[in-house]
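Visitor: My questions all concern the structure below.
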Amino acid sequence: MSRSNNTLADARIALACLDLTSLNDADQPADIDALCRRAVGADPARGAVPAVCVWPRFVAQARARLPAGIAVAAVANFPDGSSDAARAVRDSVEIVQAGGQEVDVVLSYRDLAAAPALLASVRRACEGQRLKVILESGALQGPALITQACRIALDAGADFLKTSTGKTATSATPEAARLMLQAIASHPRGAQVGFKASGGIRTVADAGVYIALVRELLGESALTAARFRIGASGLLNDIEAVLAGGSRPAAATSY
């Protein structure tokens with residue numbers, strides 16, 4: 001397959017696996033309305049994204065604006081990832097009661113000893129809904145800590161491992177993604193667990209790095225919204241440009 005064909009294929013996968021996100025501190029209801037319109041798309045041929053991701057206070061609004069086929073995700077314990085389990089549970093309950101189907105909770109990455117109990121409480125609070133655990137991998141110093149955080153999240157019943165909040169100096173990296181995907185692949189529940197790359201992914205070429213990693217470590221069948229997500233806001237602009245014929249050069253895939 002040629003580079004241009006690869007880019008087009010990656011754009012289609014990225015669209016089908018995109019959590020279109022707005023987590024700005026200044027977000028207002030009008031911003032969420034605009035996000036939902038972008039999620040659905042003006043051109044039916046483009047296709048819709050599988051989910052939007054917002055603050056908990058906007059879940060009910062997003063759910064009311066979107067068709068049933070687009071899930072609403074929201075963040076809990078975000079962005080700091082405190083070890084306050086009661087706060088994380090409150091956020092999760094708020095999301096579920098407002099109609100959200102997916103909870104993206106930040107692991108207590110500064111206090112991994114507190115993480116198992118926190119995640120167990122959150123898992124109970126959103127039972128039956130999709131739970132994505134944000135590791136904040138860029139703040140975990142070294143492969144051993146990233147792998148430990150993966151194991152904690154997987155053992156607690158995470159449905160997805162997510163790289164980062166996008167609010168710290170280091171967001172998604174291919175190196176951390178590889179460790180996370182290896183942890184998923186080797187876990188007894190791995191065949192049911194997905195991976196979400198988030199933070200700093202702005203182009204189809206950026207997304208292509210993570211698509212290639214998922215393909216390598218989890219297999220082609222994992223490249224669907226059930227097991228792969230990309231959390232981004234501006235990425236949709238580049239996806240639409242590629243699908244319209246304005247493809248960008250592919251990124252280097254050294255990792």
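Visitor: Cα centroid distance between the stretch 1-67 and the stretch 179-219, in Å?
Guide: 19 Å
Visitor: For the stretch 14-144, what does the relative contact order come out to in percent, with C-alpha contacts under 8 Å and a separation of six or more?
Guide: With pairs under 8 Å counted, the relative contact order is 19 percent.
Visitor: Moving to a separate point now. Full-extension gain between A34 and L112, please, as 0.36 nm times their residue separation minus the C-alpha to C-alpha distance.
Guide: Fully extending the segment from A34 to L112 adds 24.3 nm.
Visitor: Right, here's the next one. For a quick protection proxy, order the peptides 139-150, 207-218, 19-30 by their average other-Cβ count within 10 Å, most packed first.
Guide: Descending packing order for the listed peptides: 207-218, 139-150, 19-30.
Visitor: Return the single residue from S233, S186, S198 with maximal mean-square fluctuation; model: Gaussian network over the chain, springs between Cα atoms under 10 Å.
Guide: Of the options given, S186 has the highest mean-square fluctuation.
Visitor: Further question on the same structure: Which whole-number percentage describes the relative contact order of the stretch 134-193, with Cα contacts under 8 Å and a sequence gap of 6 or more?
Guide: Taking the mean separation of contacting Cα pairs over the length of the stretch 134-193, I get 41 percent.
Visitor: Another question, then. Could you pull out every residue, at least 5 positions away or on a different chain, whose amide H is within less than 5 Å of the one on D19? Hs are placed 1.01 Å off N in the peptide plane, and Pro or chain starts have none.
Guide: Residues meeting the criterion, in which the H sits 1.01 Å from N, are I230, G231, A232.
Visitor: While we're here: Would you mind computing, in nm to one decimal, how far apart the modelled labels at R87 and E216 are, each placed 7 Å from Cα along Cα→Cβ?
Guide: The modelled label-to-label distance comes out at 3.7 nm.
Visitor: Same structure again: So which trypsin sites (Lys or Arg not before Pro) in the stretch 106-162 pass both tests, a DSSP loop state and at most 16 other Cβ atoms within 10 Å of the Cβ?
Guide: Taking the stretch 106-162 and a limit of 16 other Cβ atoms within 10 Å, the loop trypsin sites (Lys or Arg not before Pro) found are R110.
Visitor: Defining a contact as two alpha carbons under 8 Å apart and six or more residues distant in sequence, what relative contact order in percent does the chain show?
Guide: Dividing the mean separation by the residue count of the chain yields 20 percent.
Visitor: Any chance you could list the semi-axes, whole Å, largest first, of the equivalent ellipsoid that the Cα gyration tensor gives for the chain, using √(5λ)?
Guide: Working from the Cα gyration tensor, I get semi-axes of 27, 23, 15 Å.
Visitor: What does the net charge come to around A226 if you take all other residues with beta carbon closer than 11 Å to its beta carbon, with K and R at +1 and D and E at -1?
Guide: Charge balance in the 11 Å sphere: +2.
Each reported figure results from applying straightforward, stated rules to the coordinates on display, with no laboratory input. Values in this document were obtained by computation on a predicted structure and should not be read as measured data. Counting neighbours? That spans all protein chains shown, and the Cβs are built from the backbone with ideal geometry, glycine included.
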